[in-house]
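The values are calculated or read from the model by the stated rules, or taken from the named source; none is laboratory data. As the structure is a prediction and not an experimental result, all values here were calculated from the model. All Cβ positions, even for glycine, are placed from backbone atoms using ideal geometry, and neighbour counts span all protein chains on display.
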Amino acid sequence: MAVQDIEANEWDSKVTNSKQLVAVEFWHEQCKWCVKFAPVYEAVSGKNPEIGFLKLNILSSEENNDLAVSKGAMSTPTIKFFCNGVEVSELVGYRDESEFDQVIDDLKAKAGKCIDQSTRIKE
């Protein structure tokens, strides 16, 4: 599945009501680390079609910014992972592809528990 850009008004349909594991990157164009991370996020999304990979540009609208703040995304890039609409993990800052692959592999190994319990995965 390719990375999808979303807006705050799509949050419920794309994240809260999703029945799959969802990764949401909170980002903006002026963030150099976000720009550097974009091809990594895209590449890893292509290897993991069972996970929804979304991007929310926090500066494209006041609603997007408000949503990012309400979700605790205080720096960029921040990637938050949700299962059945519940945040289960987060990653703050740039990671190279091998590091991000490892994060995703670890999360997928725990995703069954997440889906059963819909609670934050213990680190």
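Brief remarks on what is shown
- Here region 58-78 is the region considered, the condition is being of a type outside the set (Ser, Thr, Tyr) and under 12 Å from the mean Cα position of the chain (by Cα), and the residue that is surrounded by the most Cβ atoms within 10 Å (Cβ to Cβ) is 77.
- Looking only at residues in region 35-55 that are within 16 Å of residue 83 (Cα to Cα) and either among the aliphatic types (A, V, I, L, M) or in a helix (DSSP H, G or I) (or both), the one that is modelled with the lowest pLDDT is 51.
- Only residues that are surrounded by 17 or more Cβ atoms within 10 Å (Cβ to Cβ) and under 23 Å from residue 108 (Cβ atoms) were counted across region 19-37, and they come to 8.
- Qualifying position, being of a type in the set (Lys, Arg) and not in a loop (DSSP other than H, G, I, E, B), among 19, 14: 14
- Close pairs (8 angstrom Cβ cut-off, 6 or more residues apart or separate chains): over 12 Å from residue 2 (Cβ atoms) and without any contact (Cβ under 8 Å) to a residue 40 or more places away in the chain in region 35-55, among the small types (Gly, Ala, Ser) and crowded, with 20+ Cβ neighbours inside 10 Å anywhere: none
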